[in-house]
1. From the P(r) of the range 14-130, could you give the percentage of C-alpha pairs in the tail past 16 Å?
2. Can you show me the helix-derived [θ] at 222 nm for the chain, built from DSSP H runs with n ≥ 4 at -39,500 (n - 2.57) apiece and divided by the number of residues, rounded to the nearest 500.
3. Note down the accessible area of Asp357, probe 1.4 Å, to the nearest 10 Å².
4. Out of Gly95, Thr55, Ile83, whose Cα points farthest toward the positive end of the dipole of the range 5-150 (charges: +1 Lys, Arg; -1 Asp, Glu; placed on Cβ)?
5. Calculate the radius of gyration of the Cα atoms of the chain to one decimal place, then report Dmax, the largest Cα-Cα distance, as a whole number, both in Å.
6. Within the range 135-372, how many Lys pairs sit with Cα atoms under 17 Å apart, leaving out pairs fewer than 8 places apart on the same chain?
7. Evaluate the relative contact order of the range 269-320 (contact order divided by residue number), counting alpha-carbon pairs under 8 angstrom at least 6 apart; express in whole percent.
8. Using the per-residue mean of other Cβ atoms lying within 10 Å as a proxy for protection, in what order, highest first, do the peptides 85-95, 282-292, 252-262, 167-177 fall?
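The values are calculated or read from the model by the stated rules, or taken from the named source; none is laboratory data. All values derive from a computational prediction rather than experimental measurement. For neighbour counting, all protein chains shown are included, and Cβ atoms are generated from backbone atoms with ideal geometry for every residue, glycine included. Heads up: the accessible areas ignore ligands, DNA and RNA and are worked out on the full protein's heavy atoms, side chains in. Shrake-Rupley method; radii C 1.70, N 1.55, O 1.52, S 1.80 Å.
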Amino acid sequence: MSSGDNQQSRALNKPTFTELQASALVESVFGFKVSHIQPLPSYDDQNFHVHISRTKDTTDGPLEYVLKISSSENSQNSDLLEIQNDVITFLQAAGFPTASVCHTKGDNTTSLVSVDSGSEIRSHTVRLLTYLPGRPIAEVPVSSQLLYEIGRLAAKLDKTLEKFHHPKLSVLRRDNFIWNLKNIPLLERHVDVLGQTRNREIVEKVIQLFKEQVMTKFGHFRECINHGDLNDHNILVEPSKSAFGDAGYEVSGILDFGDMSYGYYVFEVAIVIMYMMIESKDPVQVGGHVLAGFESIVPLTAEERGALFLLVCSRFSQSLVMAIYSCQLQPDNKEYLMITAKTGWKHLQRLFDTGQDAVEEIWFETAKSYGSGLSM
């Protein structure tokens, strides 16, 4: 199947459960009585925010959950969904603010349900996770200290996953997964959606430079498991008070492990920098604070640092091109799909106009200042 056919298939196989059907799933599969349910935004799968009623069997425990219904395509890879659940549980045990994975009435962490779509019978994997508190970081003012902490968190997460073992771990080697940063050249199949524009010229230049200057260095990068999507809507924060009484925020939740795959440490920090730039009033400055936090746990090598600028540009290109392409397949989901595009093209153009040397100088000098105590 071609990549285009594959994307078309993903659009057609996205679940379309009603709130009533989703409520029935929660009750029949997990045994909870639903008091209120509402849809949550999503990409390929379907998510619902679920409130349950107390019963004699649920006198304690959480009252809010997230019902995750995987697309029929994603549901075919049960090993991948199992790994995602196990990683979430592993990280929670290690002290990370991830959800708890709920068990079905049959004491499993997933359930495969079949639905008659009218033209065929489709199967969807259903999971239930506890609902995490907080607001997406996209909705709050982000300080340099919070950027530092998010960079640190990303590095700790990848470092901790070095200790994660599973007999089916090889499923995370997702060689043709469009969202793995290794696969930037796959974007060539989709650049026609950009028309003949400067945006297309920039993306094609990014792909060319990625092939020439990044892919040739893969052998020098340190491999790890990446979360792969630590964006400004997948990190939740809550208000906190520092020792000095200053109001601030701390991370209260890490969401969505659906893009998790084998990659490199430098991929994770590049992805975080790119997404933290989205809502920033001074986006070029963001990278240094995130990098400082990341390198407080995992210092980058010279080769990894040298690839960082192009990797950030590459992630922008991935997100922006695939958003436009996906909108053609899911026009009803345009508002969610185009979140990054609201400022993303402007930021990517600014990075290119500023130039790699100038941007790196800002990032690396800012990161260096943390080591000398100037920005802590």
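1. Tail of P(r) above 16 Å: 60 percent of Cα pairs.
2. Mean residue ellipticity at 222 nm (helix-derived): -13000 deg cm²/dmol.
3. Roughly 120 Å² of Asp357 is accessible to a 1.4 Å probe.
4. The listed residue farthest towards the positive side: Thr55.
5. 20.9, 65
6. 7
7. 49
8. By packing density, highest mean first, the sequence is 282-292, 252-262, 85-95, 167-177.
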